[in-house]
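The values are calculated or read from the model by the stated rules, or taken from the named source; none is laboratory data. Note that the structure is predicted; figures quoted are calculated from it, not measured. As a convention, Cβ positions derive from the backbone with ideal geometry for all residues, glycine included, and neighbour counts pool all protein chains shown.
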Amino acid sequence: MTSLLSAQPRQAQASLSAWLSAKRQLPIPPSVFMKLMELGRRLDASPNDYTEIITTSASLAGRLLAAVNSSWFGVRHHVRNISQAVNLLGTVNVRLLAVAHCVAAAHEDIRLDKRVLDRHWQAGLIKAVAGEHYACRLDGRAGDEAFLLGLMQDMVMPVMHELCPDLYERNLAVWSPAEQCRIEQERFGMDHACASSLLAENYGLPPTLCQILRDHHNHEALSQQTERAVLAQAVHFAGLFPHAFGGWDSQEAQGLTTLLQDKFADLSEPVDDVLAHIQRRFGEVVACIRPSAGGEIDLTGLLRQATGEVVETTVSLVGRVHALMANAVQADSQLTAASVEALRLRETSQQDPLTGLLNRRGLEVEGRHAVQSARQSGHPLAVLFADVDKFKSINDVYGHEVGDKVLQHVAGVLTETFGPSAIVGRFGGDEFVIVLAEAATARQAKALAVGLLEAVGQGLATSPGTTIPLRISVGGLWCTRLTEQVDWTKLVATTDQLMYRAKQQEGNQVVFIELATSKE
């Protein structure tokens with residue numbers, strides 16, 4: 001250990017200090033960054049609020065447009081305006097991309113092997129997602145900042161790795177966090193927590209966040225943090241997850257297990273379920289922010305291995321279960337084949353063959369289910385009815401084949417505008433119905449409808465230099481709380497009437513009504 005630690009510590013200290021003292025700034029103005037964080041704490045923030053802030057930073061605007069037009073997102077039509085990008089990505093992904101865009105600037109001049117750097121990012125993103133999950137359980141408004149601090153906890157570690165590769169590649173897997181910090185202090189004159197805090201100060205983050213970063217391995221100091229107690233707890237939780245080049249230290253793993261059992265017991269959420277959620281969310285985030293980092297990691301397996309939970313009795317039980325499953329395979333395979341065929345027939349009967357959307361029958365099934373769920377949960381619901389303006393003229397001028405292409409095009413725009421969580425279907429002819437069960441506010445739902453007008457208004461390019469102009473009218477109804485008096489049929493009929501009102505006002509507009517309660 002002595003010979004390892006004596007390898008040019010002064011040079012390592014000088015190099016790290018020089019890196020930190022360089023003019024390291026966020027690629028966007030700190031005020032813009034903090035405004036985005038503030039929006040995350042506002043439950044009434046709309047996509048338009050994000051658009052207004054993002055358009056003030058050319059760097060961030062370019063990053064979002066690049067993300068939404070990248071292969072991982074798979075949009076059919078090139079997105080050119082920020083409003084549409086925000087609607088497609090969703091406000092949560094917008095904030096995560098902004099955080100990653102800013103934090104990644106620290107790694108632009110690091111010359112580590114790409115696979116090594118991706119492993120650092122993988123560990124950082126796991127911590128970020130873990131901190132976000134923990135914070136949201138206590139206070140959803142702290143989720144974004146917890147994600148930021150989770151990502152920044154070890155942000156300087158790749159720099160240290162580049163300066164002293166022998167130190168990290170050989171020993172990180174067997175160090176506890178306390179041992180790691182001690183050795184980093186001896187080699188660099190500071191540990192990675194202190195270095196990350198200094199980087200946050202250079203970025204202009206608030207002093208409270210910088211202090212929490214500095215103490216992220218000091219549970220006693222974090223427990224005394226009263227100004228942002230939830231955030232401090234989330235950062236401690238994130239700090240218990242392993243670093244890039246090894247699994248859990250057994251002591252830290254046991255600490256994590258105990259913390260999970262204590263903090264999540266009142267939510268009836270087993271340890272395995274918490275880790276499964278974090279791992280699933282990690283896969284989603286890594287695909288959005290840094291696809292090359294990959295998602296191949298088994299958090300539950302690593303934790304069990306570290307805490308010694310895989311014992312002989314468990315292995316025996318698993319063996320008996322496997323034997324029972326093997327005996328049932330033959331009969332089950334026949335039932336599965338029949339179930340798959342039945343599912344295929346059911347899906348086919350509910351799918352519009354031209355657009356691939358739900359047909360009228362499918363809309364009724366999914367719509368009634370959404371209404372019932374909203375009624376039972378007390379959550380709001382938005383229903384939109386859209387109709388292509390002067391569609392008959394398109395058929396008359398261009399022919400029915402082109403008219404079919406227009407319907408397919410509009411279906412694609414609908415899917416892209418409202419995202420995978422919306423229920424979207426072809427009601428009949430050139431009429432479409434959209435159900436939004438996850439819109440946070442009426443303002444957000446209406447903004448999506450307005451975004452649909454803008455997207456459809458770009459027209460359909462049928463050949464170089466030829467674009468068919470398109471317009472669409474939308475009727476929308478926002479229901480804060482559904483009652484038994486309002487059913488699916490009434491919602492569709494009401495939005496249909498609102499759509500015709502938009503038509504009577506020369507079309508290409510949204511007529512949107514908000515209902516505080518749905519007793520009408």
Working only within region 198-243, note down all residues that are without any contact (Cβ under 8 Å) to a residue 60 or more places away in the chain and of a type in the set (Ser, Thr, Tyr).
THR208, SER223, THR226
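For SER71, state whether it is assigned to a helix (DSSP H, G or I), farther than 25 Å from ALA193 by Cβ and at pLDDT below 75.
Working: assigned to a helix (DSSP H, G or I): no; farther than 25 Å from ALA193 by Cβ: yes; at pLDDT below 75: yes.
No: the conditions fail for SER71.
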Positions within region 345-395 being over 22 Å from GLU438 (Cα atoms), modelled with pLDDT of 90 or more and assigned to a strand (DSSP E or B), in sequence order:
ASP387, VAL388
Over 22 Å from GLN279 (Cα atoms) and either under 24 Å from the mean Cα position of the chain (by Cα) or touching a residue at least 40 places away in the same chain (Cβ under 8 Å) (or both), is that true of MET190?
yes
Restricting to region 132-185, and then to whatever is modelled with pLDDT of 80 or more and not in a helix (DSSP H, G or I), can you tell me which residue is farthest from ALA229 (Cα to Cα)?
CYS164
Meets criteria (at negative phi, modelled with pLDDT of 95 or more and not aromatic (Phe, Trp, Tyr)) for GLY412
no
Within region 99-148, of all residues that are surrounded by fewer than 20 Cβ atoms within 10 Å (Cβ to Cβ) and of a type in the set (Asp, Glu), the one nearest to ARG63 (Cα to Cα) is GLU108
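Listed here are the residues, each with its yes/no results for (1) part of a helix (DSSP H, G or I); (2) surrounded by 18 or more Cβ atoms within 10 Å (Cβ to Cβ); (3) not assigned by TED's automatic domain parsing to the domain that holds ARG375.
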{"position": "VAL397", "(1), (2), (3)": "yes, no, no"}
{"position": "ASP404", "(1), (2), (3)": "yes, no, no"}
{"position": "VAL413", "(1), (2), (3)": "yes, yes, no"}
{"position": "SER421", "(1), (2), (3)": "no, no, no"}
{"position": "GLY425", "(1), (2), (3)": "no, yes, no"}
{"position": "ILE434", "(1), (2), (3)": "no, yes, no"}
Expected output for region 481-507 (first residue under 9 Å from PHE385 (Cα atoms) and touching a residue at least 12 places away in the same chain (Cβ under 8 Å), partner surrounded by fewer than 20 Cβ atoms within 10 Å (Cβ to Cβ) and among the aromatic types (Phe, Trp, Tyr), Cβ below 8 Å, 6+ apart or cross-chain) is none
Residues that are outside any helix (DSSP H, G or I) and over 22 Å from HIS101 (Cβ atoms): does region 196-204 have at least one?
no
Test ASP430 against the criterion of being at pLDDT 90 or above, touching a Leu at 6+ places or on another chain (Cβ under 7 Å), surrounded by fewer than 16 Cβ atoms within 10 Å (Cβ to Cβ) and not aliphatic (A, V, I, L, M), and give yes or no.
no
Give region 471-490 a look and list any residue that's in contact with a helix residue (DSSP H, G or I) (Cβ under 7 Å, 6 or more places away or on another chain) and crowded, with 22+ Cβ neighbours inside 10 Å, or say none.
ILE472, SER473, VAL474, GLY475, GLY476, LEU477, TRP478, LEU482
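Restricting attention to region 457-480, report how many residues are outside any strand (DSSP E or B) and within 13 Å of GLY507 (Cα to Cα).
Here is the first cut: in region 457-480, the residues outside any strand (DSSP E or B) are 457-459, 464-465, 469-471, 480.
Restricting the remaining residues to those that are within 13 Å of GLY507 (Cα to Cα) gives 457, 470-471.
Number of matching residues: 3.
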Contact list please: Cβ distance under 6 Å, first residue in region 43-57 and in contact (Cβ under 8 Å) with a residue 12 or more places away in the chain, second residue part of a loop (DSSP other than H, G, I, E, B), pairs at least six apart or on different chains.
ASP44/THR441; SER57/ILE28
Filtering region 474-490 for residues that are touching a Phe, Trp or Tyr at 6+ places or on another chain (Cβ under 9 Å) and either among the aliphatic types (A, V, I, L, M) or under 17 Å from GLN408 (Cα atoms) (or both) leaves a count of 2
